[in-house]
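The values are calculated or read from the model by the stated rules, or taken from the named source; none is laboratory data. Computed from a prediction, not measured in an experiment: that's the story for all the values here. Because the Cβ atoms are built from the backbone with ideal geometry, glycine has one as well, and the counts that use them run over all protein chains shown.
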Amino acid sequence: MKRTVNRDINLEPSLGEIKSDPQELDINLRKPVRLSKPRKTESEPAVAIPDIEIKKPAIVLASLLLLVSSIMFAFDQLFSPDSFQVEELKISADFKELNPQQIREQVLPLIQNNYFAVNLKQVEQIVENIAWVDKVSVRRQWPRSIHIRLSEQKAVTRWGEDAYLNSRAETFDVEQKQSAELPYLFGPEGTESELLERFHDWRERFAQKELILERLMMTPRYSYQAKVIIPRHQQKQLTEQALMELFEKKEQPVPVLDWRQIEPFTLTLNLGKEAVEQRVDRFIAAFPEAFGEQLLKVETVDLRYPNGFAVRFNEKELPQDFLQLAVKIDENISE
């Protein structure tokens, strides 16, 4: 039997005939390369490692307990009433109306305690409630002082009979009233800012004719009313003229008056609640020529007219207290 061999079959294919998937190749290249361990050339003795069991959670817990206990002890000592007591109270202010002794009496009961336990907010609230106090700042000053900085209220005008207004149009009450020389403002609640703003503006306008704006009020119906003082030099001129006519009739010498004892003459202006700016300008433009020699007899000027104003005169020739003063001075001269 003849045996035939097929030479076309290659049991060991060459490298050029190997086909592989590119994607699979990429994945295979990313596989970690395992390095073979070096062979031991010499036999080394095995090192015996002792089997020690460490209980870490127990140590950590014990440390935490010790730390917490230390902190609690420190806080207990720090805030103890018998430790770190306040030794000094400082008060900084430009004292004019405020009494520092009154502030100390209010604050001392609140700081008879541990330095760190003083309630600064409570101290601040107590001081704010004291009359004439505007702003307050309270802080601790190391090592054992409490420092209070405060500013006083500055009254710009009176507000009604029992209160004052500061420059921010805020009302505040005081037990002891200031001098009545401050201007007087009053109106419905919520009109403080508007009245104060117009007061400053109108005061400058009236000053152009040397008039002094003494009062500015708003009625419950929001109608404006102002009270102005006649300039001293005009008052003196008109008064001396009236005195001359009065004493010439009596055929007596005209007395020389002490102007410090004579109350200034005032005019009341009714301005209404509409076009009040224009009405103020109208009065200023007409003063004093529109009144002439009758100025000292004017009591009220009603400006609630579209093109003019109405004047109400005092029935007396001169105020009664002025006549009495003139007669009194005349009697002294006669003596």
Every residue in segment 179-218 that is within 19 Å of K154 (Cβ to Cβ), assigned to a helix (DSSP H, G or I) and under 22 Å from the mean Cα position of the chain (by Cα), please. E192, S193, L195, L196, E197, F199, H200
Just a yes or no: is a residue in segment 160-178 crowded, with 16+ Cβ neighbours inside 10 Å, assigned by TED's automatic domain parsing to the domain that holds D94 and free of Cβ contacts under 8 Å to residues at least 24 places away in the same chain? no
Of the conditions (1) modelled with pLDDT under 60; (2) of a type in the set (S, T, Y); (3) within 28 Å of the chain's Cα centre (by Cα), the single one that T41 does not satisfy is (3)
Go through segment 87-138 and report how many residues are in contact (Cβ under 8 Å) with a residue 40 or more places away in the chain, under 26 Å from R158 (Cβ atoms) and within 20 Å of the chain's Cα centre (by Cα). 8
Checked segment 120-157 for anything in contact with a Leu (Cβ under 7 Å, 6 or more places away or on another chain) and assigned to a loop (DSSP other than H, G, I, E, B); matches are W132, A155, V156
